[in-house]
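Worksheet: the structure to be examined is printed underneath.
Throughout, read-outs are computed from the coordinates displayed, never taken from laboratory work. For clarity, every value in this text was computed on a predicted model and none was experimentally measured. We place every Cβ from the backbone using ideal geometry, glycine too, and count neighbours over all the protein chains shown.
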Amino acid sequence: MDLTVDGRRVFAGTGGKPLTQDRPLVVLLHGAGMDHTVWVLQARFLAYHGFSVLAVDMPGHGRSEGPPLTTIEAMADWVAKVVVASGFDKAALVGHSMGAAVALTAAARSPDRIAKIALLGASLAMPVHQALLDSGKAGTMLAPELMTFWGLGRTAQIGGHPTPGLWLTGAARRLIQKGVGPSLAADLQACTDWKGGPEATDKVRCPALVFAGAEDRMVPAKATGEMAAAIQGGEIVTIPASGHMMMLEAPDATVDALHKFLKD
């Protein structure tokens, strides 16, 4: 469906169900250089199990109009506007990587709009390797290669896909390749510049669940645990046999934990 935020068109997948006010809203936020399709399995499950769902394309990504936003704080304020534009007063936010930073920051900056946050592949700081930053700015294909190699766990690297006949590594690489250009460059710089320390965590008052991938090399379990501990009442769940892209690598385990957290 299309929404209008700040005078620009925003696209969001709804999981195959229309939004209705009698079901709580969940907004799914993708990571750097990606789009709403990274959430296709989780969006559909949640939409058919009691929730209204918006899997958004951030500005300048997927089918949403640009330009891309250049700071995590600007993205967080934009998400609060998405909630209002959808006709809801509050929403739960589910964010992956950069989207997790956005969800955390939104909960700190717009607490009246955010009911819960689920943070996948998150840490208190998200500095990006210089080689990846340089490739993102240059628009070269090294960026998706690096993100796929570092982002997928060992199990995914040696083959296999939850859907028979599909190639997980190739699918992840192709998804990121679509974002190569200004959007990926802006996202990577925004992640590097963001500091999610006490200014963010100390202001979170809603329930928070932090997801750790057991094989995550981008955000190791220690960093994920530090984020969960920094949020008052924050809890952590570990997804086995999964790297950074857990919603693709372990979609069933990810959505099971999400659904339990969101419906409680």
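Beyond 24 Å in Cα-Cα separation lie the following of the pairs Lys137/Lys222; Lys90/Lys263; Lys178/Lys263; Lys178/Lys222: Lys137/Lys222; Lys178/Lys263; Lys178/Lys222. Listed values for the stretch 12-28 are Karplus-derived 3J(HN,Hα) couplings in whole Hz (6.51 cos²θ - 1.76 cosθ + 1.60, θ = phi - 60°), namely 9, x, 10, x, x, 10, x, 5, 9, 5, 7, 10, x, 8, 10, 10, 9, and x replaces Gly and Pro.
Rounded to whole numbers, the Karplus 3J(HN,Hα) couplings from phi for the stretch 236-244 are 10, 10, 9, 9, x, 6, 9, x, 6 Hz, using 6.51 cos²θ - 1.76 cosθ + 1.60 with θ = phi - 60°, and x at Gly and Pro.
Stretch Ala85-Gln130 to full length: gain in nm at 0.36 nm per residue minus the Cα-Cα span?
12.5 nm
For the stretch 85-120 versus the stretch 9-29, the inter-centroid distance based on Cα atoms is 14 Å. Legend: calculated FRET efficiency, Ile158 to Tyr48, from the Cβ-Cβ distance at R0 = 51 Å, rounded to 0.05, equals 0.95. On the principal axes of its alpha-carbon atoms, the stretch 1-114 has extents of 34, 28, 27 Å, going from largest to smallest. Against the compact-protein benchmark of 2.2 N^0.38 Å, the Cα-based radius of gyration of the chain scales to 0.90. In terms of other Cβ atoms within 10 Å, His259, His244 run from fewest to most in the order His259, His244.
Is the stretch 210-264 rounded, prolate or oblate when judged by the Cα gyration tensor, a ≥ b ≥ c being the square roots of its eigenvalues, rounded requiring a/c under 1.5 and prolate requiring a/b larger than b/c? List each step's numbers first, then the result.
Details: a/c = 2.79, a/b = 1.04, b/c = 2.69.
Oblate is the answer for the stretch 210-264, as a/c is 1.5 or above yet b/c matches or exceeds a/b.
Radius of gyration (Cα atoms) of the stretch 169-264, expressed as a multiple of 2.2 N^0.38 Å: 1.21.
Under 5 Å between amide hydrogens, built in the peptide plane, is the criterion, and for Ala212 it picks out Val237, Thr238, Ile239 among residues at least 5 positions away or on other chains.
Working note: Debye formula, equal point scatterers on the alpha-carbon atoms of the stretch 1-45, no solvent; log10 I(q)/I(0) at q = 0.23, 0.26, 0.27 Å⁻¹ is -0.95, -1.12, -1.16. With only the Cα atoms considered, the stretch 77-221 has a convex hull volume of 128 Å³ per residue.
In the elastic network of the chain, a GNM with C-alpha springs shorter than 10 Å, the most mobile of Gln232, Gln177, Gln42 is Gln232.
Considering only chymotrypsin sites (Phe, Trp or Tyr not before Pro) in DSSP loops that have at most 16 other Cβ atoms within 10 Å, the longest stretch of the chain without any of them is 49-166. Here the label points at Glu235 and Met1, each 7 Å from Cα along the C-beta direction, are separated by 2.9 nm in the simple model.
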